[in-house]
Amino acid sequence: MATKTPAYTSATLPDAETLYGNLLAAVRHAIEQLPPELVHLVGIHSGGAWLAQRLHKDLGLAQPMGTLDISFYRDDFDKIGLHSQVMPSEISFSVAGKHLVLVDDVLYTGRTIRAAMNELFDYGRPASIRLAVLIDRGGRELPIAAVAVGGLIEPTPAASFVLSQTQAGAFVLTIESKEH
């Protein structure tokens, strides 16, 4: 597991592929004691969905994975409005009694994860939900913690992490200023 480090700049960010390798190992460890036929990955659009797709492939999971767009479940929907690229949620399996690994790119306040759990419970009652994130940036406002983390990284206060993918599927991590 990565250790917490000082604030990063674009020039000092860790390699996203290295963080992904850490996350892959942590997710493998988190699910190894679970019955494989009951484990499903669920990625939050968009970065979490990309990560979940690659984890699903790299872990060789047989069970289908799902994706969530939590736009309508956010507690700040009335303040920020609808995201310009709303994607449909896609859960093609019954979540009742399943062990779900909820995947996202960045864990910050915990509000996105709370919204995702609210949506998941609309599909049924899972046996458990485990959280896997590429980056934990601290700053929690809700009592939510990940069991699988690629890295613990704090950006400067006025910045956020942005995960993207190359044409070949490699992950790239950048920092974007919140002050536009």
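The set of residues from region 71-89 being modelled with pLDDT of 85 or more and exposed (fewer than 15 other Cβ atoms within 10 Å of the Cβ) comprises just one member, Pro88. Comparison of Leu107, Leu102, Leu68 shows that the only residue that is over 21 Å from Leu152 (Cβ atoms), within 18 Å of the chain's Cα centre (by Cα) and modelled with pLDDT of 95 or more is Leu68. Looking only at residues of region 17-35 that are surrounded by fewer than 17 Cβ atoms within 10 Å (Cβ to Cβ) and within 20 Å of Leu120 (Cβ to Cβ), we find that the one that is farthest from the chain's Cα centre (by Cα) is Pro35. If you go through region 47-67 and pick out every residue that is in a helix (DSSP H, G or I) and within 21 Å of Tyr123 (Cβ to Cβ), you end up with 7. Taking every residue in region 17-29 that is farther than 16 Å from Gly47 by Cα and pairing it with any residue that is not hydrophobic (A, V, I, L, M, F, W, C), at least 6 positions away or on another chain, the pairs with Cβ-Cβ distances below 6 Å are Asn22/Gly150. When the residues of region 107-134 are narrowed to those that are closer than 20 Å to Ala30 by Cβ and among the β-branched types (Val, Ile, Thr), which ends up surrounded by the most Cβ atoms within 10 Å (Cβ to Cβ)? This residue is Val133. Residues that are farther than 26 Å from Glu32 by Cα, surrounded by 17 or more Cβ atoms within 10 Å (Cβ to Cβ) and out of contact with any Asp or Glu (no Cβ under 8 Å at 6 or more places or on another chain) occur at least once in region 135-158.
Scanning region 156-180 for residues that are over 19 Å from Ser46 (Cβ atoms) and outside any strand (DSSP E or B), we see that the one that is modelled with the lowest pLDDT is His180.
The lone criterion from (1) modelled with pLDDT under 95; (2) under 14 Å from Val149 (Cα atoms); (3) aliphatic (A, V, I, L, M) left unmet by Ala30 is number (1). Contact map, region 43-58: first residue on the phi < 0 side of the Ramachandran plot, second residue in a helix (DSSP H, G or I) and hydroxyl-bearing (Ser, Thr, Tyr), Cβ cut-off under 8 Å, separation 6 or more or different chains; pairs are Ile44/Thr112; Leu51/Tyr20; Arg54/Tyr20.
Among the residues making up region 121-155, those that are closer than 23 Å to Asn22 by Cα, out of contact with any Pro (no Cβ under 8 Å at 6 or more places or on another chain) and in a loop (DSSP other than H, G, I, E, B) are Gly138, Gly139, Arg140, Ile144, Ala145, Ala146, Val147.
The values are calculated or read from the model by the stated rules, or taken from the named source; none is laboratory data. Computed from a predicted model, the values in this text were never measured in an experiment. Neighbour counts run over all protein chains shown; Cβ positions are idealised from the backbone, glycine included.
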